[in-house]
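The values are calculated or read from the model by the stated rules, or taken from the named source; none is laboratory data. Not measured: the values here are computed from a predicted model. Backbone-built Cβ (ideal geometry, glycine too); neighbour counts: all protein chains shown. Quick note on the areas: whole protein, heavy atoms, side chains included, nothing else; ligands and nucleic acids left out. Shrake-Rupley method; radii C 1.70, N 1.55, O 1.52, S 1.80 Å.
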Amino acid sequence: TTMAVELELDAPFWGFMGAAFALIFSNLGAAYGTGKSGIGIASLGVSEPDKIMKSIVPVVMAGVLGIYGLIIAVIIANNIDAVQKGAPSYNFFKAFAHLGGGLACGLSGLAAGMAIGIVGDTLTRASAKEPKLFVGMVLILIFAEALGLYGLIVGLILASKV
């Protein structure tokens, strides 16, 4: 019916919001992780400047989170085709799958970025005093990064459901 066709035209909004949320929240996590880790690196650089490059690991890992969001956002945006042959082709099932995928990736990236930032700040400073903590810091960062990777995987699965 005409009413159903008009309602389907709202569906692309939700798909595009999924793409936006994936990028926005992942980048928020990446920015927080980078900034918070940068504070620790700056503090370390004052007392022991030779250890700065070794302590850049949290910044790199935080930056990867933004890439996860970008990947999902591009995949979702490229799968949104609102009208084909004069009729709406993008339905609410596809739209909410994309919204869920974007939120899964974005919010996982935000959580991972917060963990990376806190660990990066604290353990960068601590590893300057006790170098044996560096391996533990890298392991913790790997597990924090895995949270973002889980969101990417779920986002890819949901984006491919359509």
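Would you check if there is a residue in region 16-36 being assigned to a helix (DSSP H, G or I), farther than 23 Å from residue 78 by Cα and touching a Lys or Arg at 6+ places or on another chain (Cβ under 8 Å)? Looking through region 16-36, none of the residues is assigned to a helix (DSSP H, G or I), farther than 23 Å from residue 78 by Cα and touching a Lys or Arg at 6+ places or on another chain (Cβ under 8 Å). Just wondering, is there one or more residues in region 84-105 that are open to solvent by 30 Å² or more (accessible area, probe 1.4 Å), over 14 Å from residue 19 (Cβ atoms), among the aliphatic types (A, V, I, L, M) and free of Cβ contacts under 8 Å to residues at least 60 places away in the same chain? Looking for residues that are open to solvent by 30 Å² or more (accessible area, probe 1.4 Å), over 14 Å from residue 19 (Cβ atoms), among the aliphatic types (A, V, I, L, M) and free of Cβ contacts under 8 Å to residues at least 60 places away in the same chain, one finds none in region 84-105, hence no.
Pick from region 44-70 the residues that are of a type in the set (D, E, K, R) and open to solvent by 70 Å² or more (accessible area, probe 1.4 Å): which of them is farthest from residue 135 (Cα to Cα)? Selected residue: 50.
Within region 23-43, residues that are buried (at least 23 other Cβ atoms within 10 Å of the Cβ) sit with their Cβ atoms under 8 Å from residues that are of a type in the set (Phe, Trp, Tyr), at 6+ positions apart or across chains, in these pairs: 26/68.
Listed here are the residues, each with its yes/no results for (1) under 18 Å from residue 36 (Cα atoms); (2) assigned to a helix (DSSP H, G or I); (3) out of contact with any Leu (no Cβ under 9 Å at 6 or more places or on another chain); (4) not aliphatic (A, V, I, L, M).
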{"position": "56", "(1), (2), (3), (4)": "yes, yes, yes, no"}
{"position": "61", "(1), (2), (3), (4)": "yes, yes, no, no"}
{"position": "66", "(1), (2), (3), (4)": "yes, yes, no, yes"}
{"position": "70", "(1), (2), (3), (4)": "no, yes, no, no"}
{"position": "95", "(1), (2), (3), (4)": "no, yes, yes, no"}
{"position": "123", "(1), (2), (3), (4)": "yes, yes, no, no"}
{"position": "135", "(1), (2), (3), (4)": "no, yes, yes, no"}
{"position": "141", "(1), (2), (3), (4)": "yes, yes, no, no"}
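Considering region 125-161, the residues that are in contact (Cβ under 8 Å) with a residue 60 or more places away in the chain, touching a Gly at 6+ places or on another chain (Cβ under 9 Å) and under 21 Å from residue 28 (Cα atoms) include one that is surrounded by the fewest Cβ atoms within 10 Å (Cβ to Cβ), namely 156. Flag set for residue 55, criterion: among the hydroxyl-bearing types (Ser, Thr, Tyr) and farther than 24 Å from residue 153 by Cα. Looking at this structure, is residue 80 assigned to a loop (DSSP other than H, G, I, E, B), at pLDDT 90 or above and touching a helix residue (DSSP H, G or I) at 6+ places or on another chain (Cβ under 6 Å)? Yes: the conditions hold for residue 80.
Got at least one residue in region 4-21 being modelled with pLDDT of 90 or more, touching a helix residue (DSSP H, G or I) at 6+ places or on another chain (Cβ under 8 Å) and within 30 Å of residue 138 (Cα to Cα)? For region 4-21, residues modelled with pLDDT of 90 or more, touching a helix residue (DSSP H, G or I) at 6+ places or on another chain (Cβ under 8 Å) and within 30 Å of residue 138 (Cα to Cα): present.
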